[in-house]
Every structure is written in structure tokens, then in C-alpha cells.
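The values are calculated or read from the model by the stated rules, or taken from the named source; none is laboratory data. Small disclaimer: the values here were computed from a predicted structure and weren't measured. Here Cβ is always computed from backbone atoms with ideal geometry, including for glycine, and neighbour counts include all displayed protein chains.
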Amino acid sequence: MKLIRFGAPGEEAPGVVLEDGTRIDASEEFSDYDDSFLADGGLKKLREWSRTERDEAPVVPDTVRLGPPIARPSKIVCIGLNYSDHAAESDMEVPDEPVIFFKASSAVCGPNDDLVLPKESTKTDWEVELAVVIGQEASYVSEEEALDYVAGYTVHNDYSEREYQLERGGQWVKGKSCDTFAPLGPFLATPDEIDDVSALDMWLDVNGERKQDGSTEQLIFGIPTLVSYLSQFMTLLPGDVISTGTPAGVGLGEDPPQFLAPGDVVSLGIEGLGQAQQTVVSHPEA
Ligand code: ZN
């Protein structure tokens with residue numbers, strides 16, 4: 001099942017993408033894809049609803065904006081340096097344990113929304129990532145049971161302002177949390193949609209030029225390990241996002257480094273999870 005949220009920013013309604021690509025409106029029956037939806041068995045109810053009501057539900061026109069496929073999560077936990085080729089291009093060691101950092105959940109936006117450069121930003125960079133969405137409260141779960149806690153998967157562009165991240169002292173969160181730095185979507189795919197989540201091709205283009213071309217096969221720490229590991233340090237809540245890290249090919253790794261400017265177009269996708277596209281714009285007050 002593929003879940004979408006559609007409509008104006010902050011007013012998104014829930015919907016489903018059918019097998020033939022038709023987008024249907026589920027808002028008569030469901031209020032939103034949020035923590036209570038997931039905790040109350042909403043996925044099961046939605047599956048049943050879409051089986052019986054698909055012909056009656058209103059169709060969502062292709063012109064309607066997509067929002068992030070889940071309501072704003074309680075937290076976004078990101079994994080750093082989880083691909084060895086990206087660690088190498090960043091001049092950093094492959095870590096012994098997962099490197100984790102947070103991204104403010106206010107950074108979440110729709111998959112095709114504009115990327116707004118922060119005021120005075122000169123080093124905004126891209127990172128295609130597989131994002132895992134948690135389906136039920138997870139605390140001290142084992143690797144063996146970890147996938148039972150996963151609601152599904154989506155595409156995330158972990159935008160990163162490298163000066164804020166690396167040259168301003170303190171933690172990476174400064175460079176990861178600006179508004180629009182977490183486009184999610186186009187849809188949330190439940191695990192049954194994906195044959196093998198540990199072998200998904202992923203790519204990212206800037207202005208049509210291929211920058212990142214990787215696969216989740218290259219993950220150093222896989223999804224069961226990450227869910228279990230994080231749950232030793234914090235309770236993961238339904239709707240929380242784990243962004244699993246990026247492969248090589250970010251702007252920071254180019255010689256000389258290359259960063260985004262107004263007018264640039266960033267396209268990205270992951271096998272089975274669709275694609276997204278963001279146009280880079282200046283901050284309105286810049
Ligand atoms: Zn990242």
C-alpha cells in the first residue's frame with residue numbers, strides 16, 4: 001500500500017495510490033496519517049477501506065500538491081556516515097557504532113516543494129536517503145523483532161548546510177534543520193510493497209546531471225540494526241523517521257566542492273519508492 005497526503009501545506013488530507021497509479025482521497029474515513037493513526041491499527045483499517053471503497057472514493061487530480069506522506073513526526077533521527085564511500089569523500093572514518101544526530105521536525109515538507117536556501121547560505125548540499133517510518137512504540141527491541149516496528153519506507157533528501165554543520169561549532173543539527181530541509185515522499189510504501197529493502201537502487205540528479213548513484217546494499221548498519229540500536233537510547237514513537245544515511249556523490253565531496261544556487265533543480269528517487277523533485281529558491285528575506 002502507498003500512502004500519500006495531499007493539499008495545501010499544513011492542511012493535507014490522507015489518500016492512497018492504487019496499483020494503477022490513481023490517487024484516491026481517504027479523508028472521509030481517516031483524519032490524518034499521524035501517531036494515533038499508526039498506533040490504533042490504522043494501516044490495517046486503511047488497507048481494508050481501500051479494498052472495499054476504492055471505486056467510491058473521490059480521485060485526487062494529478063495537479064494537487066503532495067505533502068509529506070506522514071504528519072509531522074515527533075522526531076527525525078538521522079544516521080551519519082552509514083555508507084563507506086560517503087565517509088571516505090567526507091574525510092571521516094567509518095564508525096564502529098552508528099553515528100546519530102537529530103533533524104528538527106519543522107524541516108519536513110512535501111516531496112516537490114521548493115528548497116528554500118537559508119539566509120546567507122553558501123554551502124547547501126543534497127543527500128538522497130532511504131527513510132524508515134516507525135509504526136509502533138519501540139523501546140529496547142531486538143534486531144530480530146525490529147522490522148515488526150516499521151510502518152514503511154519513503155524517500156528523504158537530507159539537505160545539509162555544510163558551513164552550519166561543520167564550521168560553526170557544536171553539533172550537526174545546525175546544518176540539518178532549516179525549513180524545507182526534509183522533503184519526504186512522494187509516498188509512504190508499506191513493507192509488502194518492497195521485495196528487499198536492503199537492495200534498493202537510489203539516485204540523485206542536480207540539473208539533470210547524475211550526482212549520486214548508490215544502493216541500500218552498501219549500508220554499513222542495516223535497518224534492523226538501526227531500529228534496535230536507536231531503541232536502546234530512546235523510545236521511538238509511531239510516525240518517527242529514521243533517515244538511514246547517504247551514499248557518495250554529495251556536493252561537499254566534489255573537487256572543488258559544489259553547492260546549490262537559486263534555480264537549481266534537484267531530482268531524486270529510490271527503487272520502488274518513487275521520485276521527488278525540488279527547485280532551489282532564495283530565502284524570501286535574503
Ligand atoms: Zn544524511
### Query
Looking at Ser106, Ser74, which one is assigned to a helix (DSSP H, G or I) and hydroxyl-bearing (Ser, Thr, Tyr)?
Ser106
### Query
Can you find a residue in the stretch 235-243 that is within 15 Å of the ligand (Cβ to nearest atom), under 17 Å from Pro95 (Cα atoms) and modelled with pLDDT of 95 or more?
yes
### Query
With respect to the numbered conditions (1) surrounded by 23 or more Cβ atoms within 10 Å (Cβ to Cβ); (2) within 18 Å of Pro95 (Cβ to Cβ); (3) within 15 Å of the chain's Cα centre (by Cα), which one is the sole condition not fulfilled by Ile223?
(1)
### Message
Given (1) at pLDDT 95 or above; (2) crowded, with 21+ Cβ neighbours inside 10 Å; (3) not in a loop (DSSP other than H, G, I, E, B), identify the lone condition not met by His86.
### Response
(1)
#### Entry: Flag if Gln212 is surrounded by 21 or more Cβ atoms within 10 Å (Cβ to Cβ) and either in contact (Cβ under 8 Å) with a residue 24 or more places away in the chain or not β-branched (Val, Ile, Thr) (or both)
yes
### Query
Residue check: is Asp55 surrounded by 21 or more Cβ atoms within 10 Å (Cβ to Cβ), among the charged types (D, E, K, R) and either assigned by TED's automatic domain parsing to the domain that holds Glu167 or away from the ligand (no atom under 16 Å from the Cβ) (or both)?
no
### Task
Can you confirm whether the stretch 197-215 contains a residue that is part of a helix (DSSP H, G or I), touching an Asp or Glu at 6+ places or on another chain (Cβ under 9 Å) and away from the ligand (no atom under 16 Å from the Cβ)?
no
### Task
Would you tally the residues in the stretch 48-61 being at pLDDT 95 or above and either of a type in the set (A, V, I, L, M, F, W, C) or closer than 26 Å to Asn112 by Cβ (or both)?
7
### Task
Collect the residues in the stretch 76-90 that are more than 10 Å from the ligand (Cβ to nearest atom) and either of a type in the set (A, V, I, L, M) or without any contact (Cβ under 8 Å) to a residue 12 or more places away in the chain (or both), keeping them in residue-number order.
Ile76, Val77, Ala87, Ala88
### Query
Of all residues in the stretch 132-158 being among the hydroxyl-bearing types (Ser, Thr, Tyr) and in contact with a helix residue (DSSP H, G or I) (Cβ under 8 Å, 6 or more places away or on another chain), which is farthest from Pro73 (Cα to Cα)?
Ser142
### Task
Determine, yes or no, whether Glu129 is within 22 Å of Ser231 (Cβ to Cβ), within 16 Å of the ligand (Cβ to nearest atom) and crowded, with 19+ Cβ neighbours inside 10 Å.
yes
## Note on the structure
Listed by first then second residue, the pairs whose first member lies in the stretch 263-279 and is assigned by TED's automatic domain parsing to the domain that holds Gly208, whose partner is among the hydrophobic types (A, V, I, L, M, F, W, C) and part of a loop (DSSP other than H, G, I, E, B), with beta carbons under 7 Å and at least 6 positions apart or on separate chains, are Val266/Trp126; Ile270/Leu200; Glu271/Leu200; Gly272/Ile194; Gly272/Leu200; Gly274/Phe187
### Query
So Tyr164 clears everything in (1) hydroxyl-bearing (Ser, Thr, Tyr); (2) more than 16 Å from the ligand (Cβ to nearest atom); (3) part of a helix (DSSP H, G or I) except one condition, right? Which one?
(2)
